[in-house]
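To start, the structure itself, in structure tokens.
The values are calculated or read from the model by the stated rules, or taken from the named source; none is laboratory data. Note that the structure is predicted; figures quoted are calculated from it, not measured. Heads up, the Cβs are rebuilt from the backbone with ideal geometry, glycines too, and the neighbour counts pull from every protein chain shown.
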Amino acid sequence: MSIVAQCPHCETRFNLQPEMNGKSMRCPNLECRQVFTVQAMEAVAPPAPIPELPPEPKAPPRSPAPLPPPPRAKSSKSAKPAVVEARVVEATIVEAAVVAPPKMKEVVWSEGTDIPPPPLPKKGKKPLKADTTDDVDDDFIVRRKKKSNRRPMILAGMGITIVALIGFSLLYIDRVGRLKEVQLADKANEEYKKGDYGSSAKLYDKLSKDYPDSKRIDEYKFFADLSEMQTVVRSVTNRNDYAPAVTRLNAFIEAHKESPLAKPATGYGHDVLEAGKKLGEDIAGFAGDRVKAFQANRTKSDELPLADKAIANGRELLPVLDPFRGPDDPPLDKIRSALDQTEKDVKRERDRSAAIARARTQLEKPTDALIQSAEADLRTAGFLEDDEAQKLIAAAKGKLLDLVQFVEEPAAAQPPPPTAAASLLFTTPVGKMKPRESGPGDATTVFLCVARGILYAFNEDTGALIWATRVGPDVTDPPPVARVDLERGPTDLAVVTSNVGNAPAVVGYELRANKLVWYQPLPAAPAGPAVVVGNHAFVPLRDTTGSVYEFDLKTGLRIGYIRFGQSVAERGLVARPGTNLLYVAADARRVYAIDAGGRDDAGNRINPRCVQVIATGHLAGTLKVPPLFIGPEGIEPAERWMVLSQADGTTVTKLRVFSVGAISPPPADGSTVPETPAVPVVALPVPGWVWFPPVSDGERLAVASDTGQLRLFGVNQAGNLDKPLFPLPAPAQAPVADDKPLRGLVIPVGESEYWLLSGGYVQKARLALVPSRGQEVVLAGPRLNVGEPVHAAQINARKDTACFVVRSPNSSGCRAVAFDLRSGEVRWQRQLGLVPAKTSAEQFVAPIPQGDNFVLVDEDGGIVVVPAASGVQLGETLTAPDGWVIAPTPTNATGPTVVASTADGKLVFAVTPVAGTEGAKFVVRQVAGGKLVQQDEVNAPAALAGQPAVVGGILYIPTADGFVNRFTPGAGVANPASLTPGPAWRSDRPPANAVCSVTVVSESSFVTSDGGKKLNRWEWGNAANARWSPAGTWELQERVAGSGVALPPAEPGGPPRFMVADTSGSVQLFAADKPGQQLRRWRSPQPGRPSSALVAQPADAARVVVTHVIDGKWAVALNPDNEDVLWTAHTSDDANGAIMGAPQPAGENRWIVTDLAGRIVLIDGANGDALARLNAGLPGGVPATASSVAANTVLTQLSDGSAVVVELPKKEPPKKE
């Protein structure tokens, strides 16, 4: 901060430093120069600011010229007394504010005077007197007038002239040099612009050397380096070797990247960019050339790595060039695209090499599957059309055809494997039989029927079972029959293929006797029935090499096999009528013609050989039936056609007709005949899929599909111009119910007449001539509900009876039906196997012990009582005699049968819904003591809606109308059976798909549930006129899981109890007289939900044990009087360890548990220990239900409709201590 002081002499104000306050100083004013004492003045408000003017362009600041020092006064030579002067401080002026500064005057001090002499007076004026008031010795100096001297001026002028001459000379010399530099620079620039970068580089290099001090030296060096770089980068050799150019460009950029001359907008960055683009294009071209070189000669494996390196170098170049792009320069997309394309080409070549290498490895030993796999891989990779790939595939196909040959592998027949099980077969009669007596000379046909893995042989006239054998669930077609000359004479032999327990075989059975003639194992499962050509049988196998084995029918000798190199289609073998030709349809693309009865000139056998390969091009899995031949039989020249029924998508079958040409003699060198391309002459669509071979009488062809459609086609006759196959008018048919596909079957009757089995009904169809419409197919006569066909029909020798196997329309049971082709009547029906009835929980009902018998109820309603002492021995198979059948299957059943029984099994009810003349009815049958005690038929108010229950010997049936109905048996014609509606079982908000479960509580009360959380108890006395009433309600935390089980009172005279399980796996105990309160709850010891019903068995006179199954894995036992779980058990940890049904009482506090593998475990009810482990499984069949025990015998029903009997070990008496 400064202070303001004023000189008292000249009144000039100064801004001084604060430390000058109170000190003496000399006035800086040259006209004053008086000494005064500094006194700070009071601050004065600053003047108002002056408005700022617009700024003017500022001139470069200049340093102010230094002020000349003040002249020093000369001392006087006269001696005077010494005067002590006060110390005068030279003040530093901060800022002087001069107010009206006086006019500048020159003051001259005289030596020895205190006051300077006054100035010479002018005319009319007097000189001023000096002021002597100040004591300071500071004399004024008086300037003396000097003489003028011109010599220095002359010398200075001469010097200036000399300097000017020298400067002019230097300027002239510099001008001449600069003119020469400019001319050389212009020449270099001209050469650069012409693109002569070599010349421009030399000129710029000369400029930089000749003019090192030039202002443009940096420019000369820059362009010299740029020209050299351009020379290298734009060389034509870069397409072959770009590395030097990359090095030179990178070096230039590294050296000049910060230079203003290299900037894209203000310098020559564009030139750098263009040079880099040229190099980038050369690099991309080099990479592309490497790919082309590899494509020209793919043995040059080092070309692709060079291309990879070039692509990487090109990509590294792009970001280096990017800073040199100006605002108007396009991106480097062209180079980037070229590199990307070359990279794709490199990858494609590598992928191609890898795909070709994989295909070559796959096809070293070709099979059709490997060829298809290689083609699929090549197609996926996009190289299937590649020339090398095509040559590779063609060579593999040629090798494949060379592999089609017969391999001799003789092997004698073997004895069949033994079985240790004692099994039972069931063929329960259905409805009334209408047997036909054979007349003199009539040949009785044996009908062969297959259902659920068992082959049955029935007498045509009586329907009696002649013999049966297991063939395995894979076999669905009846075997062929051949007349063979055995030692005892001509014998009809059934050639049976089987796959029982993964032991495939082909067996020869005498058709009319239960006798096995020979047995031959097969290396793989059969791919369809055998085909007989002459005295030999040919069996296709389900393997990848497409093997067809040949056997001698008389001895069972295996002769060898034909290897096709590709899988054979299911049911793909057929013999061409009137020839020894065997046609084998491969799973895809080809049909092979095999000469299976060739002889040489001497009459000796020739092994089967391929004589024709027809390339049909059919896709894998599209052939459902064997090829069909139409046209004249035999080998005489004629027009013949082969019809392939080929699925085309999921809703259509195409009948593709191929011309069958003459068979040429096989090549003399023994090689396989070449493949013959084949194009269908005609392809006709049929709605739906065709599951059984079409039938033809030579003039017409008929086929039925699984959409209920019948189609007739005309067959070309000799001499006309029709197509080989042409459509005839289709009949008007009702659509299949619920759009559910049901297989269709056509049975020929006579000329233009057929029986059509479609949509579960059989009806007659014929081709009629309608006057107004011409020819059309007409459906005539009533429709008979029989079911869905399982395999093709067989027709007896008299052509008046057909036998077919159908699956019941309302269950999974199968029946053999003998059908009169003339009248349309069913002659007889047989239930093939016994499928157990189900409970409401969709679980099969286990055999019900009733004394020393087992009561077996079929899903279709038949009832069989099997004595525990059946008489079947280990290793034997016994067909259940008709006497065991106490109730046949109702003929008009509309749904599966349900079963209810008392807790001790002494009374059993079977309820079957049927269609009556007056509406829906229930057929109710009662079984007691192993006998059918009563059968009634009552009107059904609605469909069955849950598991019936027996309360106090009275049957209660829940129906879909929401009520529980009480069944009253009939007592003669005057008192028919009736149903009395009772309480409602359905709540206001029932679960989806709710069904009723009934739990018996006492002799007159029961509890119902609709699957929700509520339980309702009802009282309904046993008297005929008794009324029902509600008796309590319980609310559970979780939904109820099925029916519960009644328990005796905890104490004599106490209230009854019952237990139910919920969906969380918990089990709860309730007192029947205490609604809303549970007595005890057991949580599941294993995670999961209940998968079986609760079953109770007395442990002793005072205790009861209740068991059930959790999640199909764990059997759990509970003691109602103890809160702890009694025990848990399971049969196995493997995948087949699933427990079937609920544990069943075995007596004496023992339980048996059966799993899916057929393991039967006898468990001690006291602690859950296993007392014995048995095996009920048979090869080809698994348990369908839980096993049951009667008279220490275990009976287990199997999935194929048979049953197995196993003896339990007797309980050892306690040892005496």
### Task
Could you check Leu784 against (1) within 26 Å of Thr427 (Cα to Cα); (2) surrounded by fewer than 18 Cβ atoms within 10 Å (Cβ to Cβ); (3) free of Cβ contacts under 8 Å to residues at least 40 places away in the same chain and say which number it fails?
(3)
### Message
Exactly one of these conditions fails for Ala928: (1) in the same structural domain as Glu1035 (by TED's automatic domain parsing); (2) more than 18 Å from Lys838 (Cβ to Cβ); (3) aliphatic (A, V, I, L, M). Give me its number.
### Response
(1)
### Message
Looking at the structure I just gave you, is Gly824 on the phi > 0 side of the Ramachandran plot and touching a residue at least 60 places away in the same chain (Cβ under 8 Å)?
### Response
yes
### Task
Answer yes or no: is there a residue in the stretch 671-684 that is within 15 Å of Pro626 (Cα to Cα), touching a residue at least 12 places away in the same chain (Cβ under 8 Å) and part of a loop (DSSP other than H, G, I, E, B).
no
### Task
Please go through the stretch 201-248 and pick out each residue that is basic (Lys, Arg), touching a residue at least 24 places away in the same chain (Cβ under 8 Å) and within 30 Å of Arg178 (Cβ to Cβ).
Arg216
### Hey, Gln775 at pLDDT below 90 and under 25 Å from Ala575 (Cβ atoms) or not
no
## Note on the structure
Residues of the stretch 448-461 being touching an Asp or Glu at 6+ places or on another chain (Cβ under 6 Å) and part of a strand (DSSP E or B), in sequence order, are Ile454
### Task
Among the candidates Val995, Val964, single out the residue that is over 20 Å from Gly953 (Cβ atoms), crowded, with 18+ Cβ neighbours inside 10 Å and not assigned by TED's automatic domain parsing to the domain that holds Ala900.
Val995
### Summary
When restricted to Ala797, Ala792, Ala816, the only residue of a type outside the set (Lys, Arg) and in a strand (DSSP E or B) is Ala816
### Task
Please name all residue pairs, on different chains or six or more residues apart, with Cβ atoms under 7 Å, provided the first residue is in the stretch 704-726 and is among the acidic types (Asp, Glu) and the second residue is assigned to a loop (DSSP other than H, G, I, E, B).
Asp706/Gly688; Asp706/Trp689; Asp706/Trp691; Asp706/Pro741; Asp706/Leu742; Asp706/Arg743; Asp706/Gly744; Asp722/Asn716
### Residues that are of a type outside the set (Val, Ile, Thr) and more than 43 Å from the chain's Cα centre (by Cα), drawn from the stretch 546-569
Phe551, Asp552, Leu553, Lys554, Gly556, Leu557, Arg558
### So Ala1096, is it of a type outside the set (Ser, Thr, Tyr) and either crowded, with 18+ Cβ neighbours inside 10 Å or in a strand (DSSP E or B) (or both)
yes
#### Entry: So Val574, is it out of contact with any Leu (no Cβ under 7 Å at 6 or more places or on another chain), in a strand (DSSP E or B) and among the β-branched types (Val, Ile, Thr)
yes
### Per-region count, the stretch 980-1008, residues of a type outside the set (Val, Ile, Thr) and under 17 Å from Val898 (Cβ atoms)
6
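This table checks each residue for (1) at negative phi; (2) of a type outside the set (S, T, N, Q); (3) out of contact with any Asp or Glu (no Cβ under 9 Å at 6 or more places or on another chain); (4) surrounded by 22 or more Cβ atoms within 10 Å (Cβ to Cβ).
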position	(1), (2), (3), (4)
Leu979	yes, yes, yes, no
Ser987	yes, no, no, no
Thr999	yes, no, yes, yes
Ser1004	yes, no, no, no
Gly1012	yes, yes, yes, no
Trp1020	yes, yes, yes, yes
Glu1038	yes, yes, no, no
Ala1041	yes, yes, no, yes
#### Entry: Single residue of Ala818, Ala797 found to be out of contact with any Pro (no Cβ under 9 Å at 6 or more places or on another chain), under 23 Å from Phe458 (Cα atoms) and crowded, with 23+ Cβ neighbours inside 10 Å
Ala818
### Query
Does the stretch 380-428 hold any residues that are hydrophobic (A, V, I, L, M, F, W, C), in contact (Cβ under 8 Å) with a residue 60 or more places away in the chain and in a loop (DSSP other than H, G, I, E, B), and which are they?
Val404, Ala412, Ala413, Ala420, Ala421, Phe426
#### Entry: the stretch 646-670: number of residues that are within 30 Å of Pro729 (Cα to Cα), among the charged types (D, E, K, R) and either assigned to a loop (DSSP other than H, G, I, E, B) or assigned by TED's automatic domain parsing to the domain that holds Lys399 (or both)
1
#### Entry: Test for Val914: is it buried (at least 20 other Cβ atoms within 10 Å of the Cβ) and in a strand (DSSP E or B)
no
#### Entry: Residue check for Arg1173: crowded, with 18+ Cβ neighbours inside 10 Å and farther than 18 Å from Ile1110 by Cβ
no
### Summary
Counting only residues that are farther than 14 Å from Leu756 by Cβ and either of a type outside the set (A, V, I, L, M, F, W, C) or touching a Leu at 6+ places or on another chain (Cβ under 8 Å) (or both), the stretch 769-786 contains a total of 6
### Message
Of the residues Leu878, Leu874, Leu834, only one is in a strand (DSSP E or B) and aliphatic (A, V, I, L, M); which?
### Response
Leu878
### Task
Could you tell me whether Gly528 is under 30 Å from Ala443 (Cα atoms) and either touching a Pro at 6+ places or on another chain (Cβ under 9 Å) or buried (at least 18 other Cβ atoms within 10 Å of the Cβ) (or both)?
yes
### Query
Glu190: modelled with pLDDT of 90 or more, among the acidic types (Asp, Glu) and assigned to a helix (DSSP H, G or I), yes or no?
yes
### Query
Within the bounds of the stretch 1132-1139, is there any residue that is in a strand (DSSP E or B), buried (at least 19 other Cβ atoms within 10 Å of the Cβ) and at negative phi?
yes
### Message
Give me the residue from the stretch 203-237 that is in a helix (DSSP H, G or I) and among the basic types (Lys, Arg) and, out of that set, nearest to Ala262 (Cα to Cα).
### Response
Lys221
### Message
Could you check the stretch 1050-1084 and list, in sequence order, the residues that are assigned to a loop (DSSP other than H, G, I, E, B) and either hydrophobic (A, V, I, L, M, F, W, C) or surrounded by fewer than 14 Cβ atoms within 10 Å (Cβ to Cβ) (or both)?
### Response
Ala1050, Glu1051, Pro1052, Gly1053, Gly1054, Ala1072, Lys1074, Gly1076, Gln1077, Arg1083
### Query
Considering the stretch 30-46 alone, what residues qualify as being of a type in the set (D, E, K, R), under 15 Å from Cys10 (Cβ atoms) and modelled with pLDDT under 80?
Glu31
### Task
State which residue is farthest from Ala702 (Cα to Cα) when the search covers only the stretch 769-781 and only residues that are without any contact (Cβ under 8 Å) to a residue 12 or more places away in the chain and of a type in the set (A, V, I, L, M).
Val770
